[in-house]
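In what follows, a structure is listed as structure tokens, so that the remarks can point back to it.
The values are calculated or read from the model by the stated rules, or taken from the named source; none is laboratory data. Fair warning: this is a prediction, and the values are worked out from it, not measured in the lab. Please note: Cβ atoms are built from the backbone with ideal geometry, for glycine as well, and neighbour counts cover all protein chains shown. The accessibility values were calculated without ligands, DNA or RNA, using every heavy atom of the protein model including side chains. Shrake-Rupley method; radii C 1.70, N 1.55, O 1.52, S 1.80 Å.
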Amino acid sequence: MSTTLEKTKVSNGKVPHVSQTYEIHRLEVPTTVDRKRILWIYAAPIVGIHILALLAFVPYFFSWTSVIVMLASIEIYGLGISLGYHRLLAHKSLKVPKWLEHGFAMFAACSLQDTPAKWVANHRMHHIYSDDREDPHSPMVTFIWSHFEWLLKYNSATRSITNLQKYSRDILEDPFYMKMEKTQIWPLIYLIHGIAYFLVGYGIGYWKYADHAQALQFGSSLFVWGVLVRTVVNWHVTWSVNSLTHLFGYRNYDTTDNSRNNWLVGLFAVGEGWHNNHHADPASASVWHRWWEVDLTYVVIRMLKAVGLAWDVIEPRHKRVANRDSAAR
Ligand SMILES: [Zn+2]
Ligand SMILES: [Zn+2]
């Protein structure tokens, strides 16, 4: 994390504008990867849920309510990743009560994106080695590698207990996260939340139509769209932060990687698409550096702060510099 921090300069509390492009270079996969060895623990659910989500094309499973629930769920569960796993756990950009932190982590687990400790370890490795060979998911290998192939192939670095302890020691000190790591209970949590979607849909359907067949149709539709399709969309949104925002977009900061600000990813990934801003200042709870770089995760953080549920929120560096300069005058 410190490599980009040290090389990025902000003067006079202003956001710079960098027009020069990063030199794209080809990379081999990390030396610790065995490309012939498939990691079935990830490959099976990723392939399986993509196939099951195709049920969305069957008219029986369609309802407009389910589509709206899916769109809302994309943002809510997306916050589990962006606010929970990313800004709270990986970067410690703010503090919230433990019950709320664990709640965000549960939403993240319901996005089927691994345990908190493993997610954080992979992400911290990404910041340290960003777009260098040991980066677990650089698109300098290939776009497909950074988007999802890196999840499907065995990497002794991301699977090693030693690395987990090295990069996620602080996360594992929390008994709640250690229990998730030791018991690998998160697939069960995902299954339970999927059943809950079905049962709530069934209950609402029966209350509305007083008919078991229609209740079954509505419950199934909520499960297919609100759980399966939403999981697939959330995966691709998170994966796009690893792939698209290291290839396409503009740069405010001359970081030592190819991170870019991409408005499309910013829109779907609740702000995470302003990725060059993030690599330039990973500690910040906000990636909203220019007026149009809307960061929905930061809006939620400000709302939590307003009601006393968030504190020690780290502002972007240009604001920290401006505040320091005005205090020194
Ligand atoms: Zn990145
Ligand atoms: Zn980060």
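Tell me, what % of the accessible area of segment 39-251 is carbon and sulfur with a 1.4 angstrom probe?
Summing carbon and sulfur atoms, their accessible area is 75 percent of the total for segment 39-251.
Under a point-charge model restricted to the Cβ atoms of Lys and Arg (+1) and Asp and Glu (-1), what is the dipole moment magnitude of the chain relative to its Cα centre, in debye to the nearest 20?
Taking the Cα centre of the chain as origin, the dipole is about 420 debye.
For segment 18-111, what relative contact order do you get, as a whole percent, if you take Cα pairs closer than 8 Å and at least 6 residues apart?
23 percent
Measure nothing fancy, just the Cα-based angle from helix 64-79's long axis to the longest principal axis of the chain, in degrees from 0 to 90, nearest 10.
30 degrees
Would you kindly state how much longer the chain becomes between Met303 and Ala43 on full extension, computed as 0.36 nm times their sequence separation minus their alpha carbon distance, in nm to one decimal?
Difference between extended and current length: 89.8 nm.
With θ taken as phi - 60° and the coefficients 6.51, -1.76 and 1.60, list the Karplus ³J(HN,Hα) couplings across segment 226-231 in order, rounded to whole Hz; mark glycine and proline as x.
Result, rounded to whole Hz: x, 10, 5, 5, 4, 4.
Could you tell me how many degrees, from 0 to 90 and to the nearest 10, lie between the Cα long axis of helix 186-209 and the main elongation axis, the longest principal axis, of the Cα atoms of the chain?
Taking the Cα atoms of the chain, the angle to 186-209 is about 50 degrees.
So which trypsin sites (Lys or Arg not before Pro) in segment 219-283 pass both tests, a DSSP loop state and at most 10 other Cβ atoms within 10 Å of the Cβ?
Sites meeting the loop and neighbour criteria: none at all.
Using Cα centres only, tell me the gap between segment 72-88 and segment 170-197 in whole Å.
Using only Cα atoms, the two centres lie 16 Å from each other.
Run the simple label-point estimate for Arg35 and Tyr60 please: 7 Å along Cα→C-beta, distance reported in nm.
Output for this residue pair reads 4.3 nm.
Starting from the Cα-Cα distance between Tyr206 and Thr183, subtract it from 0.36 nm times their residue separation and give me the gain in nm to one decimal.
4.6 nm
How do the peptides 120-126, 244-250 rank, highest first, by the average count of neighbouring beta carbon atoms within 10 Å per residue?
Per-residue Cβ counts within 10 Å, averaged per peptide and sorted highest first, yield 120-126, 244-250.
Between segment 112-135 and segment 256-329, how far is it from one alpha carbon centroid to the other, in angstrom?
20 Å
Quick one: compute the contact order of the chain, relative version, from alpha carbon pairs under 8 angstrom and 6+ residues apart, as a percent.
Relative contact order comes out at 27 percent.
If you build a Gaussian network model of the chain, linking Cα atoms that sit under 10 Å apart, which residue out of Tyr60, Tyr154, Tyr167 swings the most?
Highest fluctuation among the options: Tyr60.
Fully extended, how many nm does the chain gain between Arg26 and Arg169 (0.36 nm per residue separation, minus their Cα-Cα distance)?
48.2 nm
Considering only protein heavy atoms, what per residue accessible area in square angstrom results for segment 39-251 with a 1.4 angstrom probe?
The answer is 43 Å² per residue.
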